[in-house]
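Heads up, the thing below is written out as structure tokens.
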Amino acid sequence: MYIAIAGNIGSGKTTLTEMLTERYGAKAYYEQSDNPYIGDFYNDMNRWSFNLQMYFLGSRIQQTMDILRSGPVDIFQDRTVYEDAYIFADNLHRMGLMSGRDFDTYMSIFGLITNLVPRPDLLIYLKASVPTLISQIRRRGRAYEMNIDEQYLRRLNYRYDDWIEHIYRGEVLVIDKDREDFVADAAVMEKICARLDRKREELENVYKRQKIVPMLPESFTRRVMAELGPEEGRALCEALEGPAPTSVRLHPQRPCRWSGAEAIPWSPAGRYLTERPSFTLDPAFHAGAYYVQEASSQFLAHVLAGEEVAGKRILDLCAAPGGKTTLYASLAGSDGLVVANEVNRQRAAVLADNVRKWGLGNVAVTVNEPAQIAVLEGWFDIVAVDAPCSGEGMFRKTPEARDEWSENNVKICAVRQAEILREAWKTLRPGGLLIYSTCTFNRLENEGSLEGLLAEAGEEIVESTAFDCPPAWGVVCGRVGPFRTFRFYPHRTRGEGFFAAVARKVSDGGSRVRVPKSRRTIFAPAGRRECAELARWVAEPGRMRFAAVADVYYAYYESQYEAVKMLAESLRVIASGVAMGQIFKERLKPDHALAMFCGLDRGAVPVAELSEEEALRFLRKQEAEAAAFAEGMNLVTHGGAALGFAKRIQNRVNNMYPNSLRIFNL
């Protein structure tokens with residue numbers, strides 16, 4: 001979204017640009033007020049007008065190139081190139097302060113540039129009378145503007161009105177600065193933002209209509225035709241060109257309005273939605289009432305339905321963004337532990353955010369290579385490898401995957417998957433369960449990876465406990481030695497492409513667990529006074545252990561504490577347990593993670609229940625009415641679900657929602 005803000009000198013363009021840029025998390029382009037000719041111009045307009053305007057035009061050329069290179073980001077521009085020409089240069093020429101030769105030269109260059117400049121999606125014109133302009137000019141106190149001629153401003157106002165009414169052909173929002181003060185009156189700012197939000201929706205709809213979906217790769221099409229036969233291969237390709245279903249998985253401990261929606265047959269908490277809503281604008285999404293998860297991948301809930309998962313140790317080796325991690329955490333319960341690993345630090349940060357939002361407090365997020373995790377030999381009861389793959393199953397949901405696919409990439413992924421499986425197998429205890437999955441169709445990355453593991457550890461691999469997979473689900477069931485396999489094709493099931501396999505490590509009774517030695521001390525047990533303060537914030541303090549990592553206090557379930565401590569002292573752990581916050585003068589300043597913790601004692605602080613509109617303002621970190629909050633710390637909720645903390649200090653409310661999570665752009 002490209003928004004330009006136009007208006008005379010002193011109309012407030014820069015102020016509005018700053019406010020909108022902050023609110024929408026956008027990129028700003030400002031007029032260069034350090035033009036080296038500007039002081040000379042105000043002293044001798046006739047001599048320096050051409051130099052002044054050419055310098056401004058040059059800066060616009062640079063801005064134009066930056067805008068063209070900026071990609072799909074929101075842009076707010078303080079003054080446009082059109083104003084330079086149609087307002088200022090034209091006015092100087094009419095006043096006799098720019099010669100005809102200079103003006104013609106300037107306009108010819110301007111004409112070349114405007115062929116490159118994208119017209120703003122919306123122009124906001126700040127219309128102001130001369131007295132209003134003079135008042136604001138004096139208030140901001142720029143020395144070179146103090147002696148500006150009122151008649152000059154009046155002429156510029158005339159040129160602006162003429163330009164808006166008779167020359168400019170784009171969409172315009174006029175703000176009358178004499179009556180509409182967006183700084184002092186929040187309603188004016190909301191009016192502007194409402195128009196911007198409508199414009200964004202229009203642009204998104206246009207983009208959806210015009211979006212060009214890449215063709216299915218030709219070699220992929222030939223392969224599926226050969227493997228599945230012409231009729232079924234064609235059905236798969238046609239399904240990949242159709243719409244993708246939308247599905248979610250409900251949180252086991254939080255209410256959700258979609259609990260009555262159509263159930264996904266293989267996932268007790270899974271639901272199909274009739275349409276895809278704007279999840280970003282749903283407070284329940286930010287409260288962790290559900291996880292937006294593709295339906296086929298939720299099949300792992302059915303794979304584990306017959307297993308004793310509660311209280312177990314689970315390794316999710318390739319975990320980001322966290323859909324399967326949060327599923328395992330729900331099944332493991334408060335006595336279990338999920339180690340969610342992701343090698344990419346940026347993806348691991350997203351994983352940690354999603355784990356905190358799920359709020360069960362039984363996950364440790366690590367950033368390690370599989371070989372580093374493999375030092376936990378025989379330590380896990382369940383090991384899940386959702387391996388990085390060529391992504392053929394995402395061709396419908398994520399069309400960009402088509403451009404990234406190649407036959408060579410399939411081979412590269414298969415090699416990487418073999419390495420990951422080899423290391424993952426070491427971490428599984430005798431009798432433990434291995435789950436392997438991908439979101440691709442080809443045999444090399446699926447059955448081929450399993451055959452590679454069987455060649456290395458065949459005698460150690462046995463069948464898992466059998467479970468039903470009704471034919472009505474459309475899942476293609478198969479075998480690779482002791483592995484039971486399950487294929488999801490979009491033309492057979494309501495979901496994306498997915499492959500899963502399950503087997504067990506033989507129970508030999510003789511293997512022993514090996515864990516690395518501690519390399520450093522991370523945890524410092526909380527003192528008696530600190531424990532007393534921390535205990536009042538949790539519903540079951542008797543089941544918790546409290547420890548400090550640097551200056552932040554954490555809570556862990558007693559059954560997990562020693563295990564997490566060992567992990568933190570030997571691996572790279574970026575999140576674990578529940579971050580409770582910092583203690584100042586024996587009082588806890590709570591961390592956002594504590595608000596999301598399902599074990600929070602709601603009686604620790606007053607609860608501020610907000611309407612949907614108020615909740616969205618909170619999530620945007622906008623100003624809130626103090627009347628909705630009690631004095632001091634408050635737990636902010638919507639529909640009974642926690643969103644975060646806020647602290648009221650008299651008539652001011654300090655919004656403690658993390659900046660990294662705030663809603664931008666919408």
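The values are calculated or read from the model by the stated rules, or taken from the named source; none is laboratory data. Just so it is clear, the structure is predicted and the values come from calculations on it, not from any experiment. With ideal geometry, Cβ positions are generated from the backbone for all residues, glycine too; neighbour counts draw on all protein chains shown. We work out accessible area using only protein heavy atoms, side chains counted, and drop any ligands, DNA or RNA first. Shrake-Rupley method; radii C 1.70, N 1.55, O 1.52, S 1.80 Å.
Here are the numbers for this structure:
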item: Rounded tilt (10° steps) of 100-114 against the dominant C-alpha axis of the chain; result: 20 degrees
item: C-alpha long axis of helix 230-240 to longest principal axis of the chain, angle in °; result: 50 degrees
item: Aspartates and glutamates whose Cα lies under 13 Å from that of LYS199, excluding same-chain neighbours fewer than 8 positions away; result: ASP74, ASP121, GLU171
item: Cβ-based charge dipole, the chain, positive-most Cα from VAL385, ILE649, ALA555; result: ALA555
item: Label assignment, P(r) over Cα pairs in 20 Å bins from 0, in percent derived from the structure, set [x] 15, 35, 25, 18, 7, 0; [y] 17, 47, 29, 8, 0; [z] 16, 38, 31, 14, 1; result: [z]
item: Of every Cα-Cα pair in the stretch 186-337, the percent that sits beyond 29 Å; result: 42 percent
item: Of PHE467, TYR436, LEU454, farthest towards positive along the dipole that unit charges on Lys, Arg, Asp, Glu beta carbons give the stretch 436-494; result: PHE467
item: Accessible-area composition of the chain, carbon plus sulfur, in percent [1.4 Å probe]; result: 50 percent
item: Stretch gain in nm, segment ALA532-ALA626, where the contour uses 0.36 nm per residue and the Cα spacing is subtracted; result: 30.8 nm
item: Residues of type lysines that LYS177 reaches as a straight line, Cα spacing below 20 Å, ignoring anything fewer than 8 places off in the same chain; result: LYS13, LYS127, LYS191
item: Assigned charges on the beta-carbon of Lys, Arg, Asp, Glu; the stretch 258-327 dipole about Cα centre (debye); result: 140 debye
item: The chain - accessible surface per residue (Å², probe 1.4 Å); result: 45 Å²
item: Beta bridge orientation in the chain: antiparallel %, DSSP, nearest 5; result: 60 percent
item: Ranked packing of 242-255, 219-232, most packed first, by mean Cβ within 10 Å; result: 242-255, 219-232
item: ARG138-SER108 pseudo-label distance in nm [points 7 Å out on the Cα-to-Cβ vector]; result: 4.5 nm
item: Lysines whose Cα lies under 27 Å from that of LYS312, excluding same-chain neighbours fewer than 8 positions away; result: LYS324, LYS357, LYS426, LYS505, LYS517, LYS565
item: Fully extended contour minus Cα-Cα distance, from ALA455 to ASP335, at 0.36 nm per residue; result: 39.6 nm
item: Most to least packed among 388-398, 12-22 [average Cβ atoms within 10 Å]; result: 388-398, 12-22
item: Computed [θ] at 222 nm, deg cm²/dmol, the chain (DSSP H ≥ 4; -39,500 (n - 2.57); rounded to nearest 500); result: -11000 deg cm²/dmol
item: Counting all C-alpha pairs of the stretch 466-510, share separated by more than 18 Å (%); result: 37 percent
item: Normalised contact order of the chain, rounded percent, pairs of Cα under 8 Å and 6 or more residues apart; result: 10 percent
item: Principal-axis tilt of helix 345-358 within the chain, Cα atoms, nearest 10 degrees; result: 80 degrees
